[in-house]
Amino acid sequence: MTLIPAAAALQLVSSPRGVLVGPSVPNSERDVVFGGQLLGQAILAGRTIDPTKDVRSVHAVFARAGTVTADVEIEVSPLHVGRTMASGYVTLSQQEGKRTLCGAVVHLDVAEPDLLRAAAAAPDVPGPQDVPQADSGTVGAEIRIVGGVDVDSLAANGPAELDVWVRWDDPGDDLAVHQALASWFTDPWLIPAAMRPQDGVGLAMAHDELSTGVLTHTLTFHAPLRVDEWLLVHQYGVHAGGGRGFGEGRVFTEDGRLVASFSQTNMVRAMAGGAGGDRASAM
């Protein structure tokens, strides 16, 4: 499977069907479109609702898995375009719209002066220069997992938390592209974070003994950011049970500014039919 830079998925073009189209980026040996890719594409497509405004939040529901062997088609339906705010629906699908992968609501607004100013503090963790590099599995991205946590481990190895430093190759100066790339790594680590306190359960079991996947994801941007500078993705499990997990996270700059927050509902359950099944058949 040929790997290409994640940023390639954000190069959306118009199609003869009147929808936007973006390529699927292989991210592993599995033939499944990565949820972070769909989040990024939803942000880029949502920005077209009103290019004079910036994306403030995206609220996504992942309906089913897609194949990386096909492009993603993206339909945008404005809900409201006003003086200071705009919003709309973004539907991401394959097979000429016959197979819906993800639906999202995107909200945009213009910058306004502070009436209130307060923010959560960044966690006290080592900086990226003090954390070894790990395999990101994504061309164009560098990650460093604080504490050297082994997310595949089946042994209980800590609280339901995970801190990861992330940096991307320079994607230019378009804020929406930076936001789209920032969304990429808010997707994958809340499931392994929830597994950390559980003995005998680990990410190494996913897609073999366990059926895992993201069901819903909400991401809100508080301030402009740049992904070619180090960002700390701090995430923690809030609840796990009944085949579901719920977690929250925050994104900080290296100097401690909070620039984004996110929450996620995910699925972690025994694989239907035993080992060897896949996420698509289990959802």
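Read-outs throughout are calculated quantities, based only on the coordinates presented, and are distinct from any laboratory measurement. Everything numeric in this text was worked out from a predicted model, so none of it was measured. Please note: Cβ atoms are built from the backbone with ideal geometry, for glycine as well, and neighbour counts cover all protein chains shown.
Which value, in debye to the nearest 20, describes the size of the charge dipole of the chain about its Cα centre when Lys and Arg Cβ atoms bear +1, Asp and Glu Cβ atoms bear -1, and nothing else is charged?
940
Choose one answer from ASP130, ASP109, ASP152: the residue with the largest mean-square fluctuation in a GNM of the chain with alpha-carbon springs under 10 Å.
ASP130
Along the positive direction of the dipole of the chain (beta-carbon charges: Lys, Arg +1; Asp, Glu -1; about the Cα centre), which of PRO192, THR220, ILE145 reaches farthest?
Sorting the options by dipole projection puts first THR220.
Tally Lys/Arg at +1 and Asp/Glu at -1 over every other residue whose Cβ is under 13 Å from the Cβ of ILE49; what's the total? If you can, show how the numbers build up before the last one.
Working: positive: ARG47, LYS53, ARG56; negative: ASP50, ASP54, GLU75, ASP109.
Once positives and negatives cancel, what remains is -1.
Counting only helical runs of four or more DSSP H residues, what would the 222 nm mean residue ellipticity of the chain come to if each run contributes -39,500 (n - 2.57) and the total is spread over all its residues?
For the chain, the value works out to -3000 deg cm²/dmol.
Around ASP174, with a cut-off of 13 angstrom between Cβ atoms, what is the net charge of the other residues, counting Lys and Arg +1 and Asp and Glu -1?
Net of charged neighbours comes to -2.
Kindly write out, for region 195-209 in residue order, the coupling ³J(HN,Hα) from the Karplus curve 6.51 cos²θ - 1.76 cosθ + 1.60 (θ = phi - 60°), rounded to whole Hz, with x marking Gly and Pro.
7, 4, x, 8, 6, x, 10, x, 5, 4, 8, 5, 6, 10, 9
What net charge do the residues around VAL201 carry, taking every other residue with its C-beta under 15 Å from that of VAL201, with Lys and Arg at +1 and Asp and Glu at -1?
Charge balance in the 15 Å sphere: -2.
Please get the size of the charge dipole for region 63-217, origin at its Cα centre, with Cβ charges of +1 on Lys and Arg and -1 on Asp and Glu, quoted in debye to the nearest 20.
Roughly 480 debye, rounded to the nearest 20.
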